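Working notes, structure below.
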Ligand code: HEM
């Protein structure tokens, strides 16, 4: 299950970048399709994460890890949508990168 969890968020990160590159290079239709697949992966990240939560004794740190994981997903979606609408994404990128680094650190250190 840990493997599935890591695979889902790693694939999601790749799809996220692919969708942004497509959008930026004017391929709106391709970006839309990749974004739809990305949303399926959001669900898979949460499902595999919740399954992992059921296997362990949940402490505050695991709860923080899970909550931040959901925040990271929310930020990916915010950046995708704002890029599509050509709005500024700088603040979201900063929070996203910090939250992502912290979630990965927490994930591997717990
Ligand atoms: C983009 C979002 C996420 C990232 C980057 C991420 C990253 C990670 C990483 C790196 C690990 C460690 C895997 C290992 O021990 O080998 C992990 C484990 C875990 N994740 Fe996530 N995760 C994300 C979202 C979530 C969500 C949404 C939940 C819960 C709803 C969740 C719950 C867990 C749990 C319970 C573990 C097991 C920790 C352990 O047993 O040591 N994660 N995650």
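The values are calculated or read from the model by the stated rules, or taken from the named source; none is laboratory data. Just so it is clear, the model here is predicted, and its values are computed rather than measured. Don't worry about glycine lacking a Cβ; one is built from the backbone with ideal geometry, like all the others, and counts go over all protein chains shown.
If you scan segment 82-91, which residues turn out to be under 19 Å from residue 39 (Cβ atoms) and loosely packed, with under 14 Cβ neighbours inside 10 Å? Matches in segment 82-91: 85 only. For segment 71-81, the criterion of being farther than 18 Å from residue 35 by Cβ, at pLDDT 95 or above and near the ligand (Cβ under 10 Å from one of its atoms) is met by at least one residue. Scanning segment 54-66 for residues that are loosely packed, with under 11 Cβ neighbours inside 10 Å, near the ligand (Cβ under 8 Å from one of its atoms) and part of a helix (DSSP H, G or I) turns up just one, 55. Could you check, for segment 31-39, whether at least one of its residues is more than 18 Å from residue 8 (Cα to Cα) and either near the ligand (Cβ under 8 Å from one of its atoms) or out of contact with any strand residue (DSSP E or B) (no Cβ under 6 Å at 6 or more places or on another chain) (or both)? Yes. For segment 1-13, the set of residues classified as farther than 21 Å from residue 71 by Cβ and without any contact (Cβ under 8 Å) to a residue 24 or more places away in the chain consists of 3 only. Examine segment 92-106 for a residue that is surrounded by fewer than 12 Cβ atoms within 10 Å (Cβ to Cβ), more than 28 Å from residue 1 (Cβ to Cβ) and either out of contact with any strand residue (DSSP E or B) (no Cβ under 6 Å at 6 or more places or on another chain) or at pLDDT 95 or above (or both), and state whether such a residue exists. Within segment 92-106, one or more residues are surrounded by fewer than 12 Cβ atoms within 10 Å (Cβ to Cβ), more than 28 Å from residue 1 (Cβ to Cβ) and either out of contact with any strand residue (DSSP E or B) (no Cβ under 6 Å at 6 or more places or on another chain) or at pLDDT 95 or above (or both). Report yes if residue 51 is more than 16 Å from the ligand (Cβ to nearest atom), touching a helix residue (DSSP H, G or I) at 6+ places or on another chain (Cβ under 9 Å), touching a residue at least 12 places away in the same chain (Cβ under 8 Å) and part of a helix (DSSP H, G or I), otherwise no. So residue 51 does not fit the description; no. The number of residues in segment 14-38 that are surrounded by 15 or more Cβ atoms within 10 Å (Cβ to Cβ) and in contact (Cβ under 8 Å) with a residue 12 or more places away in the chain comes to 11. Residues of segment 1-13 that are assigned to a helix (DSSP H, G or I) and loosely packed, with under 13 Cβ neighbours inside 10 Å: 2, 3, 10.
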